[in-house]
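The values are calculated or read from the model by the stated rules, or taken from the named source; none is laboratory data. Predicted model only: the values in this text are computed from it and were never measured. Because the Cβ atoms are built from the backbone with ideal geometry, glycine has one as well, and the counts that use them run over all protein chains shown.
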Amino acid sequence: MCEETLDLTLFNPFSGTVIGLPPIIIDDEPDYTPNRIFKAILTKDPSLYPNDYMVVAIYSSYLRLCLMRANDTSWTYYFPEPNIPFSDVNVCSDTIYASEVHMMVWKVEVKIRNDESSSISISLRRVHTKSMNDLNRSYITESSKGELLLVLRSISEEDSQLETTKFRVYKLIDECENGMRRAVKLKSLDGDAMFIGDSQSICVSTKDFLKCLPNCIYFINGCNYYVPNLVQDSGIFYLEDKDFGDHYIRDPAHENLPPPIWIIPTICSKDFSD
């Protein structure tokens, strides 16, 4: 949750656990507004790893990157020259990857400084370049088998309404000597179900979640900010057939609520202690 002051709060709706985070500082925007945190993810679940998780955020109108470790008292910011406008960030095999609006994918490396402060620094290494003229959004996710996936989404806008028209999914494999990866276009998700949106995108095996349809992309909102009265763009994309279907018909009474998000509840053994 984000306050107007940009103070952040991690809230687990199942356990009720609350973790307060320091505010993200934005001081270089001429037209500052308090709605400037576009995305934030956890590298690990704090309920399982209370001292070994990081929060990674895309913030400001420049779409910059910042992060903080568990127990840090301030954020670490990344200021590249020239600026890189990021569109998504996610974790695959314990490695942070970020994509930018031009479909490039970057590996985010976090290093501890060699001084008494024990502070950290952020560096990026490009691992893939993908240029598509007819695509609007890119997402990074991890398959249930730990594979790095790049999802490209086409969105049309008509009468201030958004509509997804196409998805393409690529698996990034074969890291070369220069660190670059090769993209292989996928015709199926190998039995996975994918959940795409402006919250953290996820893949699950339909063997573990039997009511999810295999080789399908469940998607919501293709707009990473709140627009009043905007009809939410949601549905199912059948990757093998390249066809669309519905998965949720939104209640008209909810049309002015913020966009929905995907979650996977984490059930710990301590949840059953009572």
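Only one of the numbered conditions (1) over 20 Å from Ser138 (Cβ atoms); (2) modelled with pLDDT of 90 or more; (3) part of a loop (DSSP other than H, G, I, E, B) is not met by Val204, and that is (3).
Of all the criteria given as (1) under 17 Å from Gln200 (Cβ atoms); (2) at pLDDT 90 or above, the one not satisfied by Asn12 is (2). So, of the residues in region 162-181 that are aliphatic (A, V, I, L, M) and assigned to a strand (DSSP E or B), which turns out to be farthest from Leu42 (Cα to Cα)? The selected residue is Leu162. Among the residues of region 9-26, the ones that are over 26 Å from Tyr77 (Cα atoms) and touching a strand residue (DSSP E or B) at 6+ places or on another chain (Cβ under 9 Å) come to 1 in all. For beta carbons closer than 8 Å, sequence separation of 6+ or different chains, a first residue in region 15-28 that is touching a residue at least 60 places away in the same chain (Cβ under 8 Å) and a second that is in a loop (DSSP other than H, G, I, E, B) and surrounded by 13 or more Cβ atoms within 10 Å (Cβ to Cβ), the qualifying pairs are Ser15/Ser47. Please work out which residue is nearest to Tyr238 (Cα to Cα), limiting yourself to region 182-200 and to residues that are at pLDDT below 90 and not in a strand (DSSP E or B). Among them, the one singled out is Gly197.
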